[in-house]
Amino acid sequence: LLFTGSLLNRDRLADLIATPRLPPVMLIHGAEDEVIPLDKVMRNAATLEQFGLSVHQHICPGLGHSLNEEGAMAGALFALEQLARS
């Protein structure tokens, strides 16, 4: 789960993502985030997909740079689904 749209160490992703079975990733972000713009999150999702990750997204309408109950619940449900599959 990624509760922020920031993607650090972009230049090292190939080294950091070295496991043969890559776990799915979920990006949860506020549509009105004034710190990390939504378009940056979309670019980060595309970058992760280029490295072979399955990327899911949940964008919370009207939410700024924060985490609300909707985003937390989306993350929890995503985690439960992934655990049930393993």
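Taken per residue, the accessible surface of the chain reaches 64 Å², heavy atoms only and a 1.4 Å probe. Each of (i) 37, 32, 14; (ii) 47, 30, 27; (iii) 58, 22, 16 is a candidate for Cα extents along the principal axes in Å; the one calculated from this structure is (i).
A simple spin-label model places the labels of Arg10 and Ala79 2.8 nm from each other, with each point 7 Å out along Cα-to-Cβ. A cut-off of 5 Å between modelled amide H atoms, ignoring neighbours fewer than 5 places along the same chain, links Leu63 with Ala31, Glu32.
The values are calculated or read from the model by the stated rules, or taken from the named source; none is laboratory data. All figures in this text were calculated on a predicted structure; none of them were measured in a lab. Note that we place each Cβ from the backbone using ideal geometry, even for glycine, and neighbour counts take in every protein chain shown. The area values use the complete protein model at the heavy-atom level, side chains included, leaving out ligands, DNA and RNA. Shrake-Rupley method; radii C 1.70, N 1.55, O 1.52, S 1.80 Å.
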